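Notes follow once the structure below has been shown.
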Amino acid sequence: MHEFRDVLLRYLVGSCKSDGFGRSASGMLASMFEPLHANPDRTVGEHRHILVTGSRVIVRVEVAGSARTLGDVEAESILGREPGDLILGRLGSVYYWASRLAEGQMESSSLDDHRLGDLRSLHGVLSDDEWNIAGRATQMLEWQRDHQFCGRCGRANEAVRNTRAMRCSADGTMAFPRLSPAVIVLIERSDGCCLLGRNRGWDIPMYSTLAGFVEPGETLEDTVRREVFEEVGVRVDNIRYFGSQPWPFPNSLMLGFVAEWVEGEITVDGDEVIDAQWFRPDDLPMIPPPMSIARQLIDDWLDRQT
Ligand SMILES: [Zn+2]
């Protein structure tokens with residue numbers, strides 16, 4: 001689970017630049033973005049471009065601290081060719097495309113009002129909508145690059161019309177974009193306390209909700225029970241869904257839950273979680289920044305304690 005610890009660390013600590021994510025779980029991810037799987041008419045509407053190299057994207061810097069994605073002319077001048085390798089979707093009348101940029105191509109460009117940044121550093125710099133679209137771009141291009149050939153027979157794959165999939169030209173094996181779902185859970189007890197844990201990988205004295213990847217064959221509720229017992233040795237039940245948050249580092253989806261303590265004393269695993277305690281609402285330790293679903297689980301719990 002070390003890989004997950006690293007992902008979670010970046011998730012919780014790396015993006016303290018919040019921009020008012022203090023929305024409800026159901027509202028935090030509300031977006032009008034419509035994914036598209038077939039190329040739209042390039043002569044209709046506005047077209048914007050996410051140029052990607054590795055996990056970094058190029059943005060146009062505007063006033064201090066804000067940036068936007070690129071228009072047709074900007075994208076073409078940087079790429080040196082027509083942009084638009086992969087259609088992502090539409091937000092209102094604006095179509096968003098992803099294009100792959102060769103390593104070193106941006107560095108040799110003389111456009112000093114553009115910036116090449118990793119997604120995490122661009123959070124709060126791009127708008128929420130464009131940041132999420134940029135996350136789709138990096139994941140989709142990576143998926144497309146890694147599925148050029150069939151994993152079963154090695155022959156060439158081809159894109160499937162009108163769906164996001166690649167299919168082997170010889171045996172029909174299908175490949176779909178991959179996500180790695182992870183649960184994140186706030187445990188509450190009837191005496192008004194909640195259980196938060198401290199991760200070994202954190203270099204700040206922060207406590208948060210518990211989290212872990214879903215394993216094949218598990219329901220999400222199974223994962224919650226297993227991860228909680230593995231990490232802190234207590235049993236939980238009455239597991240309720242809270243909300244979700246995409247996290248493109250590289251392809252996670254955080255699924256938030258609230259669960260009730262049933263039995264057991266805290267016994268941390270000492271590997272992933274090095275300390276865990278029951279906390280009262282008026283005596284909380286350092287907790288994650290507002291953009292994270294972990295924080296929203298905690299804020300929701302706090303709201304329910306009054
Ligand atoms: Zn094949």
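See the values below:
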quantity	calculated
Only listed residue being outside the structural domain of Ala64 (by TED's automatic domain parsing), under 14 Å from Pro35 (Cα atoms) and touching a strand residue (DSSP E or B) at 6+ places or on another chain (Cβ under 8 Å), chosen from Arg164, Arg152	Arg164
Selected residue (criterion: farthest from the ligand (Cβ to nearest atom)) from residues of the stretch 155-192 that are in contact with a Gly (Cβ under 9 Å, 6 or more places away or on another chain) and in contact (Cβ under 8 Å) with a residue 40 or more places away in the chain	Leu186
Residue, farthest from Glu227 (Cα to Cα), within the stretch 134-165, restricted to residues that are at pLDDT 95 or above and in contact with an Asp or Glu (Cβ under 8 Å, 6 or more places away or on another chain)	Arg155
From Leu101, Leu195, Leu141, Leu122, residue being touching a residue at least 24 places away in the same chain (Cβ under 8 Å), over 28 Å from His37 (Cα atoms) and either in the same structural domain as Val57 (by TED's automatic domain parsing) or surrounded by 21 or more Cβ atoms within 10 Å (Cβ to Cβ) (or both)	Leu195
Residue ID - modelled with the lowest pLDDT, chosen from residues in the stretch 245-258 that are in a strand (DSSP E or B) and either surrounded by fewer than 19 Cβ atoms within 10 Å (Cβ to Cβ) or not polar (S, T, N, Q) (or both)	Trp247
Residue in the stretch 254-268 that is closer than 27 Å to Thr138 by Cβ and either small (Gly, Ala, Ser) or out of contact with any strand residue (DSSP E or B) (no Cβ under 8 Å at 6 or more places or on another chain) (or both) present	yes
Condition met for Asp275 (surrounded by fewer than 19 Cβ atoms within 10 Å (Cβ to Cβ) and either part of a helix (DSSP H, G or I) or without any contact (Cβ under 8 Å) to a residue 40 or more places away in the chain (or both))	no
Asp300 being free of Cβ contacts under 8 Å to residues at least 24 places away in the same chain and outside any loop (DSSP other than H, G, I, E, B)	no
Single residue of Arg280, Arg226, Arg235 found to be modelled with pLDDT of 95 or more, in contact with a Gly (Cβ under 6 Å, 6 or more places away or on another chain) and on the phi < 0 side of the Ramachandran plot	Arg235
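The values are calculated or read from the model by the stated rules, or taken from the named source; none is laboratory data. In this text the structure is predicted, and so the values were computed from the model without any measurement. Neighbour counts are summed over all protein chains in view; Cβ atoms, including those assigned to glycine, are modelled from backbone coordinates with ideal geometry.
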